[in-house]
Amino acid sequence: MLKIGWFSTGNGKGSLGFIRFFLDYVKENSLDISLEYVFCNRDYNESEGSNEFLDFLKNNNIKTITFSSKKFLENSTNKTFSECRAEYDIKVQELISNYDTDIIIMAGYMLILSSFLCNNFNFINLHPALPNGPKGTWTDVIKQLICNNASESGLNVHIVNEKLDAGTSLGYCRFSIKHNMKNEWNEYNKLVNSISSIDFENLTLFNSIRNKILDRERILLLLVINDFVNNKEKLFHLYKANQKSSYKTTDFSKEVEGSLS
């Protein structure tokens, strides 16, 4: 059995949809997976989105651990969360250390992990770009893709380490952001030539790329996890420091596109 932990801020419909899709997929395919707990860095009544997320977990009898990063910062002498991140993560480690997990999935977790959490637990993350693609949030990634006139992009499931979005790739998929998007690119190019500042997030092109990401991210993550269910030894060997550099990632593009067709 593959034992999984889950980290999420529960920020909105995406976070809720993601874990619902995961649970349904595991049940429908009778996967040998156990969700040991979900950790959320918000307490109840901090936001409407996280309330809905936490209600879903409660209604489905999923072990839930909450520890508000916002309240932690408010009670700290530090001015920014980055200054107290390590201290916060020490408390997080205390909360999750009694649970036996093989991997911990970050799905909509809005905080960056400190180094000792990365080193003591097997975290994986889904990044909305190819392994060698743009870094940062999905908003940053899409802006860079548009500004660079990129013809393709993708998604990457990777090990979480101290370097942002740079851990060993476990599996990825690629897709075109030019095919059947001529009108969207023409709209953007006209704006570039006519105005000095562009509101990227209101661009049809921006949202078309975002939708391509949303359509594929859940599928890719489950394909990577299922790969570890079928070959758990690969997971253990992968997390040995001396073997990370030699690991060959898997291109799941055909499988992802096949699931969408």
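The values are calculated or read from the model by the stated rules, or taken from the named source; none is laboratory data. Please read these numbers as outputs of a predicted model, since none were measured by experiment. In this analysis, Cβ positions are derived from the backbone assuming ideal geometry, glycine residues included, and neighbour counts consider all displayed protein chains.
Here is the figure for the range 112-135: residues that are surrounded by fewer than 22 Cβ atoms within 10 Å (Cβ to Cβ) and under 18 Å from Leu205 (Cβ atoms) total 2. Of everything listed in (1) loosely packed, with under 13 Cβ neighbours inside 10 Å; (2) hydroxyl-bearing (Ser, Thr, Tyr); (3) in contact with a Gly (Cβ under 8 Å, 6 or more places away or on another chain), the single unmet condition for Thr101 is (1). Could you please find all residues in the range 222-234 being over 14 Å from Lys254 (Cα atoms), under 18 Å from the mean Cα position of the chain (by Cα) and of a type in the set (A, V, I, L, M)? Within the range 222-234, Leu222, Ile225 qualify.
When Val92 is tested against (1) within 22 Å of the chain's Cα centre (by Cα); (2) in a loop (DSSP other than H, G, I, E, B), only condition (2) is not met. Please specify each residue of the range 175-214 satisfying the condition of being charged (D, E, K, R) and under 25 Å from Ile19 (Cα atoms). Hits for the range 175-214 are Arg210, Lys212.
Taking the criterion of being farther than 26 Å from Lys163 by Cα, aliphatic (A, V, I, L, M) and part of a loop (DSSP other than H, G, I, E, B), would at least one residue in the range 46-64 satisfy it? Explain how you work it out, then say what you get.
Taking the range 46-64 and keeping what is farther than 26 Å from Lys163 by Cα, we get 46-64.
Going one step further and asking which of them are aliphatic (A, V, I, L, M), we end up with 54, 57, 62.
Filter again for part of a loop (DSSP other than H, G, I, E, B), leaving 62.
Yes, that holds for at least one residue.
The residues on offer are Gly14, Gly5, Gly108, and the sole one that is on the phi > 0 side of the Ramachandran plot and touching a residue at least 24 places away in the same chain (Cβ under 8 Å) is Gly108. Take the conditions (1) under 17 Å from Ile142 (Cα atoms); (2) touching a residue at least 24 places away in the same chain (Cβ under 8 Å); Val229 misses just one of them, which is (1).
Just for the range 127-142: of the residues that are in contact with a Gly (Cβ under 9 Å, 6 or more places away or on another chain) and not in a loop (DSSP other than H, G, I, E, B), which one is modelled with the highest pLDDT? Give the derivation first.
Of the residues in the range 127-142, the ones in contact with a Gly (Cβ under 9 Å, 6 or more places away or on another chain) are 127-131, 133, 141.
Keeping just the survivors that are not in a loop (DSSP other than H, G, I, E, B) gives 127, 141.
Numbers: His127: 91, Val141: 94.
So, considering only residues that are in contact with a Gly (Cβ under 9 Å, 6 or more places away or on another chain) and not in a loop (DSSP other than H, G, I, E, B), the one modelled with the highest pLDDT is Val141.
Between Glu255, Glu162, Glu201, Glu184, the distinction of being on the phi < 0 side of the Ramachandran plot, at pLDDT below 95 and assigned to a helix (DSSP H, G or I) belongs to Glu201 only.
Selection of first residues in the range 180-191 that are farther than 12 Å from Cys147 by Cα and in contact (Cβ under 8 Å) with a residue 24 or more places away in the chain and of second residues that are surrounded by 13 or more Cβ atoms within 10 Å (Cβ to Cβ) and aliphatic (A, V, I, L, M), restricted to Cβ pairs under 6 Å at least 6 apart or on distinct chains, gives the following pairs, ordered by first then second residue: Glu184/Leu205. For the range 22-46, the candidate set comprises residues that are among the polar types (S, T, N, Q) and over 14 Å from Lys63 (Cα atoms); within that set, the residue that is surrounded by the fewest Cβ atoms within 10 Å (Cβ to Cβ) is Ser30.
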